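Each remark here refers to the structure printed beneath this line.
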Amino acid sequence: MSQTHADIGRKRQREIYLAGAGGRRPEVPVAWTELEKAAQSTMSREAWAYIAGGAGRESTMDANRAAFERWRIVPRVLCDVEKRDLSIELFGQRLPTPLLLCPIGVLEMAHREADLAVARAAAALRVPYIFSNQASVPMETCAAAMGDAPRWFQLYWSKSNALVASFVRRAEACGCSAIVLTLDTTMLGWRPRDLDLGSLPFLRGQGIAQYTSDPVFRAQLKEGWNAASGRVEESASGTQPSHEATAGRRPRSTSLSSLNLEIIATALEQKANFPGGLLKNLTSGDPRAAVQRFMATYSRPSLQWDDLKYLRQQTKLPVLLKGVLHPDDARKAVELGIDGLVVSNHGGRQIDGEIASLDALPAVAEAVNGKIPVLVDSGVRGGADVFKALALGATAVCLGRPYVYGLAVAGQQGVEEVIGNVLAEFDLTLGLAGCANGREVPRAALQQQSIVRSG
Ligand SMILES: Cc1cc2nc3c(=O)[nH]c(=O)nc-3n(C[C@H](O)[C@H](O)[C@H](O)COP(=O)(O)O)c2cc1C
């Protein structure tokens, strides 16, 4: 998989068909809708709502797919595509393919091995894994399982600059080769599926492993650091969520006793999810305090362009901005010396009615004019989508929900299979479209659907 002329498409087909001839079907469905179904059947209602859901009426999720569907591939023939080169160079690193894995938080909802399984799968295929700031497993643990395989770190800018600096230091120390600052989640989007279940995983202590493993965060926990004032105080109760909120109370919940049970269950989950595990934490107030501290500090809606200087001072690693959709923001990022962009609408999880990432891509790529790499995510479901994104100006493409569904179905193996299938389809699409080089997919390889129809 890591070689350039690896013929990965045909190899994967052969593998699957030969296994089929021996009576074995893929455990992880290849077809997208089947993969979705299989993943959903393994997950709790809360997990499915969190992972599959989006903002509002989920029209942005639909738009992401519609944007890919609108573009049709127009192949060229007789181009000698026997040997195909899928490799790219990104920030001085040679990568076997233009695919990376999106940062995705709270993966413990999909599978108990969570980020660790994804890290192992990504390393096996040498697909860079962008560790989420909301991971279920500390970045050091994932990095240790990856050898020298490429990984990046995704950062959410919390209210504490000291914590931001600490995350960046840790990312550097564990071999991450870029920092991706996500800008579209300064507040959590309005997500009806989660709201209707009254379910937010962080309140159960899920998805906060980067924080509870962080020395600065742990010290702040002891000191009573007040997020609102930025000062150390005896009590920060004014910034803490209510007891009910912490318990994850559901709308229209019925009896008082079931409510009490849920409060207890939530408290136990917080303790189980805190480093050391349930038994060690039974009598400790730290797990609850960590959740409260996290809720009070995790985002900073006041963030501005000027703040980026601080991040730049903390690291020599390339810094990418994720969530850029407007060409003017792209231009500004280039002016300020930002090293790369991820055109993303967070998989339609933040603003209902937002522009599709793929629709935003051409203008952003044009504004950047090749000065820095432009990555894209949101709605990528297969290898043909990767091809389309490259044709529209992307340097590389990030895969999101599909690998999480693979994880849910079959852990590490599931992630490997999903990535393998996407790459195989990309390799075949590239060749069948008449391109031998993934870095040179021409814009003319695509036409808008309406033009194809009328022609
Ligand atoms: C369950 C879930 C959790 C996510 N967590 C994060 C995160 O922690 N940080 C981040 O930058 N983006 C996060 N994202 C957004 C992804 O990085 C990516 O932008 C999105 O999944 C792309 O859309 P797609 O999966 O529909 O292709 C998350 C997405 C999902 C579905």
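Counting only protein heavy atoms and using a 1.4 Å probe, what share of the accessible area of segment 70-195 belongs to carbon plus sulfur, as a whole percent?
Taking all protein chains in place, segment 70-195 shows 54 percent carbon and sulfur surface.
Average accessible surface for the chain: 43 Å² per residue, computed with a 1.4 Å probe over protein heavy atoms with every protein chain in place.
Sequentially through segment 377-390, phi angles give Karplus couplings (6.51, -1.76, 1.60; θ = phi - 60°) of 9, 4, x, 6, 10, x, x, 5, 5, 4, 4, 4, 5, 5 Hz, Gly and Pro residues having no value and appearing as x. Nonpolar atom fraction for segment 315-455, defined as the carbon and sulfur part of the 1.4 Å probe accessible area, stands at 49 percent. Each peptide in 175-182, 335-342, 373-380, 142-149 gets a packing score, the mean of other Cβ atoms within 10 Å over its residues, and the list from highest to lowest is 373-380, 175-182, 335-342, 142-149. Would you work out which of L407, N133, I208 lies farthest towards the positive end of the dipole of the chain, given +1 charges on the beta-carbon of Lys and Arg and -1 on that of Asp and Glu, about the Cα centre? My answer, from the dipole projection, is L407.
When the Cα positions of F274, A296, V324 are compared along the charge dipole of segment 260-357, F274 comes out farthest toward the positive end, with charges on each C-beta of Lys, Arg, Asp and Glu. Shown in residue order for segment 206-212 are the 3J(HN,Hα) couplings computed by the Karplus curve 6.51 cos²θ - 1.76 cosθ + 1.60 at θ = phi - 60°: 8, x, 10, 5, 5, 7, 5 Hz (x for Gly and Pro). Placing a pseudo-label 7 Å from each Cα along the Cα-to-Cβ vector at S41 and L303 gives an inter-label distance of 3.9 nm. Here the peptides 109-119, 36-46 are ranked by packing, the mean other Cβ count within 10 Å, and the order with the highest first is 109-119, 36-46. Amide H contacts of L399: L100, L101, C102, each under 5 Å away and 5 or more positions distant or on a separate chain (H built 1.01 Å from N in the peptide plane; Pro and chain starts excluded). If R0 is 41 Å, what FRET efficiency do you get for A436 and L261 from their C-beta distance, rounded to 0.05? For R0 = 41 Å, the calculated efficiency reads 0.10. Annotation: amide H of V30 has no partner in the under-5 Å range at sequence separation 5 or more or interchain, hydrogens built in the peptide plane.
In this structure, the amide hydrogen of K322, modeled 1.01 Å from its nitrogen in the peptide plane, lies closer than 5 angstrom to those of L181, T182, L183, V342, counting only residues at least 5 positions away or on a different chain.
The modelled label-to-label distance between E27 and V77, using points 7 Å beyond Cα along the C-beta direction, is 4.3 nm. Taking θ as phi - 60° and the Karplus parameters 6.51, -1.76 and 1.60, the scalar couplings of segment 9-19 work out to x, 5, 4, 5, 4, 4, 3, 5, 5, 5, 4 Hz in sequence order, x denoting glycine and proline.
Here the calculated FRET efficiency for Q447 and D62, from their Cβ-Cβ distance with R0 = 22 Å, stands at 0.50, rounded to the nearest 0.05. For the chain, the relative contact order comes to 26 percent (Cα pairs under 8 Å, sequence separation of at least 6). Counting 0.36 nm for each residue step from L282 to L336 and taking away their Cα separation leaves a gain of 14.6 nm.
Principal-axis analysis of the Cα atoms of the chain puts helix 357-368 at an angle of about 80° to the longest axis.
The values are calculated or read from the model by the stated rules, or taken from the named source; none is laboratory data. Note that the structure is predicted; figures quoted are calculated from it, not measured. For neighbour counting, all protein chains shown are included, and Cβ atoms are generated from backbone atoms with ideal geometry for every residue, glycine included. Surface accessibility is based on the protein's heavy atoms, side chains included, excluding ligands, DNA and RNA. Shrake-Rupley method; radii C 1.70, N 1.55, O 1.52, S 1.80 Å.
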